[in-house]
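The values are calculated or read from the model by the stated rules, or taken from the named source; none is laboratory data. Computed from a predicted model, the values in this text were never measured in an experiment. No Cβ is skipped: glycine too gets one built from the backbone with ideal geometry, and neighbour counts run over all protein chains shown. SASA here: full protein model, heavy atoms, side chains in, ligands and nucleic acids out. Shrake-Rupley method; radii C 1.70, N 1.55, O 1.52, S 1.80 Å.
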Amino acid sequence: MKKIGIFYGSTTGTTLEVAQEIARQLGVNPEDVHDVAITAPSAVADYDVLVIGASTWNAGDLQEDMATFLDGLQAIDLEGIEVAIFGCGDESMSDTFCNSVGEIYHRLHDTRATFIAPFNNDGYKYKHTDSDVHGMIVGLCIDNVNHPEGTPARVKAWCDAIKEELV
């Protein structure tokens, strides 16, 4: 069985809540859920699968703690490690919706990680998102500001997809 570690950057607590729900859905122990503000990038070495998530801030910026964590993670060879990405955003920020998902993807692209669990943005309305890479949404996008009622079903569907990919 592959060992899963969840790494999140959260400023207001929303991404933390989503990370905890993902952990519950995937059966990940609380000690394997890491706040990147207090976790060294080298901690990823303990895992076969990384679930990485952060919120999008200001004009489409990556959450600050995650940006710093990724600086260190980019120096690590992640060959053989599977990475699933999630992010929180606000579709009313129509030009930058959930850019964090795309930013994480692009920053880890050269680490040789294998990306898993693309998802869809059905139900959201926005003009642009960096989570769309060549026509594919590269991770789970969550909008708890405008669509909190949809979050549980989106998280469950995404986690079910991850479970299928890890079989």
**For the chain, Cys with no neighbouring Cys Cβ under 4.7 Å** = Cys88, Cys159
**Complete:** With label points set 7 Å from each Cα along the Cα-to-Cβ direction at Lys2 and Asp46, the distance between them in nm comes to 1.9
**Message:** Of the candidates Glu64, Glu82, Glu17, which one comes out as most mobile in a Gaussian network treatment of the chain with C-alpha springs shorter than 10 Å?
**Reply:** Glu17
**Asked** Say each of Asp61 and Ala161 gets a label point 7 Å from the Cα, pointing the same way as Cα to Cβ; how far apart are those two points in nm?
**Response** 2.9
**Asked** Among 41-54, 150-163, what's the highest-first ranking by average C-beta atoms within 10 angstrom per residue?
**Response** 41-54, 150-163
**Item:** Computed over the chain: relative contact order in percent, which uses C-alpha pairs under 8 Å that are six or more apart
**Value:** 22
**Message:** Over the chain, with the other protein chains present, what is the accessible area per residue in square angstrom, probe 1.4 angstrom?
**Reply:** 47
**Message:** If you roll a 1.4 angstrom probe over the protein chains with everything in place, what fraction of the accessible area of the chain belongs to carbon and sulfur, to the nearest %?
**Reply:** 50
**Message:** Can you give me the distance in nm between label points at Glu79 and Asp122, each placed 7 Å from the Cα along the Cα-to-Cβ direction?
**Reply:** 3.8
**Most positive-pole-ward Cα, Asn120, Ile76, Gly53, against dipole of the chain from beta carbon charges** = Asn120
**Potential extension, Gln20-Asp71 segment - 0.36 nm per residue separation minus Cα distance** = 16.0 nm
**Prompt:** Taking 0.36 nm per residue of separation and subtracting the Cα-Cα distance, what length does fully extending Thr11 through His147 add?
**Reply:** 47.0 nm
**Prompt:** So between Ser94 and Ala37, what do we pick up on full extension, going 0.36 nm a residue minus the alpha carbon distance?
**Reply:** 17.7 nm
**Item:** Within the chain, percent of DSSP bridges classed antiparallel, to nearest 5
**Value:** 20
**Item:** Charge tally in the Cβ shell below 13 Å around Leu26, where Lys, Arg are +1 and Asp, Glu are -1, Leu26 excluded
**Value:** -2
**Fill in**
For the range 1-88 the mean separation of alpha carbon contacts under 8 Å (6+ apart) over residue count, i.e. relative contact order in percent, is 37
